[in-house]
Amino acid sequence: MAAKRSRWVLRATLGEVTRATLAVGAMLPSRLTAYQRDAIEIGLAEILTNVVKHGRVGEAPGPVRVTWRERDDRLEFSICDTGRPIPADRLAEADETTFDYEPTDIGNLPESGLGLALIKAAFDVVDYRSRAGMNRMLLQKIYT
Amino acid sequence: MDLIDVTHEGAVAVVAPGMRRLDAAAAPAFKQAVVQLIEGGAYQLVLDLQAVEFLDSSGLGAMVSILKAIGGRGSVVVCNARGGVMSLFKLTRMDKVFAILGSRQEALARLGG
């Protein structure tokens, strides 16, 4: 079966993130469970929000290219932008231990910083590269 | 569309977000509106998520900020979280932080409203 593919270019604004994740959510294949679809929509919202909030601080919104591809065995997203890259150590450290806070210690509960761990939780493959001013995050969900 | 819809049941304020997507675009204004309510003396809060279809870490962070704004002065109870919204609470272990009840009536009963 030939891969289905779509591509969008959006401006790096939070309103565009909302519109893009809504559009992707409506396109997700029915072979995914509702839980997987929800997790993917959240994961995409988190990476696009990260690009907007941290990638272009004090700069005009730049273009973000989102490519969606459905293969036989997996769903794949590629998100490319030209903002500040995600620090490698932050991405490496983000995993399920991010959620290991003490739930009764209200004063120290995280109000932010969960996004990268949610991206990793949503996808089977998370590959991030930054080179020559271009960042590319490749996200894959393998069908089981 | 209002940011929040507030109804009072005795000493309890029931807050229903006015948006279907509580994401990074909506969370700051939502948080500000609820924190203003708290500063006005509403320390017993029910957050009714019946209308919320999508929640991301920014929306969740706003709820944590609301919890911190109340501090030891009162309580926050969440109700009507479903689907992906409930999944996010569980995945991030925020279901251990917030009391999450199935209906507004149950949430009010928890707070004695």
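The values are calculated or read from the model by the stated rules, or taken from the named source; none is laboratory data. Everything numeric in this text was worked out from a predicted model, so none of it was measured. Methodologically, a virtual Cβ is constructed for each residue, glycine included, from the backbone with ideal geometry; neighbour enumeration extends over all protein chains shown.
A few points about this structure:
- If the condition is being under 20 Å from B:R20 (Cα atoms) and either touching a strand residue (DSSP E or B) at 6+ places or on another chain (Cβ under 7 Å) or modelled with pLDDT under 95 (or both), then segment B:63-81 contributes B:M63, B:I66, B:V77, B:V78, B:C79, B:N80, B:A81.
- Single condition B:L47 does not satisfy, out of (1) more than 12 Å from the chain's Cα centre (by Cα); (2) on the phi < 0 side of the Ramachandran plot; (3) more than 14 Å from chain A (Cβ to nearest Cβ): (1)
- Of all residues in segment A:98-119, those being among the polar types (S, T, N, Q) and either in contact (Cβ under 8 Å) with a residue 12 or more places away in the chain or more than 14 Å from every other protein chain (Cβ to nearest Cβ) (or both) number 1.
- All of A:A23, A:A60 fail the test of being in a loop (DSSP other than H, G, I, E, B), more than 9 Å from chain B (Cβ to nearest Cβ) and either surrounded by fewer than 20 Cβ atoms within 10 Å (Cβ to Cβ) or touching a residue at least 12 places away in the same chain (Cβ under 8 Å) (or both), apart from A:A60.
- A Cβ distance below 6 Å, combined with a sequence gap of six or more or placement on separate chains, defines the contacts here; from segment B:86-113, residues that are facing another protein chain (nearest Cβ under 9 Å) reach residues that are in a loop (DSSP other than H, G, I, E, B) and among the aliphatic types (A, V, I, L, M) in the pairs B:T92/A:L114.
- Candidates in segment A:65-83 are the residues that are under 15 Å from the mean Cα position of the chain (by Cα) and without any contact (Cβ under 8 Å) to a residue 60 or more places away in the chain; of these, the one that is surrounded by the most Cβ atoms within 10 Å (Cβ to Cβ) is A:V66.
- Output for segment A:120-133, where each listed residue is facing chain B (nearest Cβ under 7 Å) and exposed (fewer than 14 other Cβ atoms within 10 Å of the Cβ): none
- Candidate set: segment A:31-43, residues that are farther than 11 Å from A:K141 by Cβ and either in contact with a strand residue (DSSP E or B) (Cβ under 9 Å, 6 or more places away or on another chain) or in contact (Cβ under 8 Å) with a residue 40 or more places away in the chain (or both); chosen: the one surrounded by the most Cβ atoms within 10 Å (Cβ to Cβ): A:I42
- With respect to being among the β-branched types (V, I, T), in contact with a Leu (Cβ under 7 Å, 6 or more places away or on another chain) and closer than 28 Å to A:L48 by Cβ, B:V52 fits the description.
- Cβ-Cβ under 9 Å pairs, at least 6 apart or on other chains, segment B:57-84 side within 8 Å of another protein chain (Cβ to nearest Cβ) and touching a residue at least 60 places away in the same chain (Cβ under 8 Å), far side assigned to a helix (DSSP H, G or I) and buried (at least 18 other Cβ atoms within 10 Å of the Cβ): none
- Checking each residue in segment A:1-29 for being under 27 Å from A:D95 (Cα atoms) and among the polar types (S, T, N, Q) picks out A:T13, A:T18, A:T21.
- Filtering segment A:121-144 to residues that are assigned to a strand (DSSP E or B) and farther than 20 Å from A:D38 by Cβ leaves A:D127, A:Y128, A:R129, A:S130, A:R131, A:M134, A:N135, A:R136, A:L138.
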